[in-house]
1. Would you mind working out the accessible area per residue for the chain, using a 1.4 Å probe, and quoting it in Å²?
2. When the dipole is taken about the Cα centre of the chain, and only Lys, Arg (+1) and Asp, Glu (-1) are charged at their Cβ, what size is it in debye, to the nearest 20?
3. For every helix of n ≥ 4 consecutive DSSP H residues, a contribution of -39,500 (n - 2.57) applies; sum these over the chain, divide by its total residues, and give [θ] at 222 nm rounded to the nearest 500 deg cm²/dmol.
4. For the chain, with all protein chains present and a 1.4 Å probe, just round the carbon and sulfur fraction of the accessible area to a whole percent.
5. So what's the Cα pair-distance distribution over the chain, bin width 5 Å, in %?
6. I'd like the per residue volume of the convex hull spanned by the Cα atoms of the range 1-41, given in cubic angstrom.
Amino acid sequence: MIKRIVTNGCSWVFGDKLKNPKKDNFATTLATNAGFKMVQNLSMKKGSNARISRVTIHWLLDNKPNYNHL
C-alpha cells in the first residue's frame with residue numbers, strides 16, 4: 001500500500017496565487033485523487049531547478065531508513 005507522496009517544485013507546485021495554498025495545491029490535489037494518505041510537499045515559491053534537485057536528494061538521503069514505511 002502506498003502511504004505517502006513526496007513532491008517538489010516551484011511556485012506552481014507550492015500553490016502560489018491560490019486562496020489556500022496548503023490545502024488546494026497540486027501536491028494535495030494529486031494525493032487526494034490518487035488515494036495517498038500523507039503528502040510531503042517540499043516545493044517553495046521561486047524554487048529553482050538546482051534547489052529542487054538539491055532538496056529532493058537531501059530528502060531521499062535523510063529518509064532512506066524509512067523507505068519501507070513510505
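The values are calculated or read from the model by the stated rules, or taken from the named source; none is laboratory data. Keep in mind it's a predicted model, so treat the numbers as computed, not measured. Neighbour counts are summed over all protein chains in view; Cβ atoms, including those assigned to glycine, are modelled from backbone coordinates with ideal geometry. With ligands, DNA and RNA removed, areas are computed over all heavy atoms of the protein, side chains included. Shrake-Rupley method; radii C 1.70, N 1.55, O 1.52, S 1.80 Å.
1. About 75 Å² of surface per residue is accessible.
2. Magnitude of the dipole: close to 140 debye.
3. Dividing the helical sum by the residues of the chain leaves -11500 deg cm²/dmol.
4. For the chain, the apolar C and S fraction of the accessible surface comes to 57 percent.
5. Result, from short to long distances: 3, 18, 24, 23, 20, 10, 2, 0 percent.
6. Dividing the Cα hull volume of the range 1-41 by its residue count gives 51 Å³.
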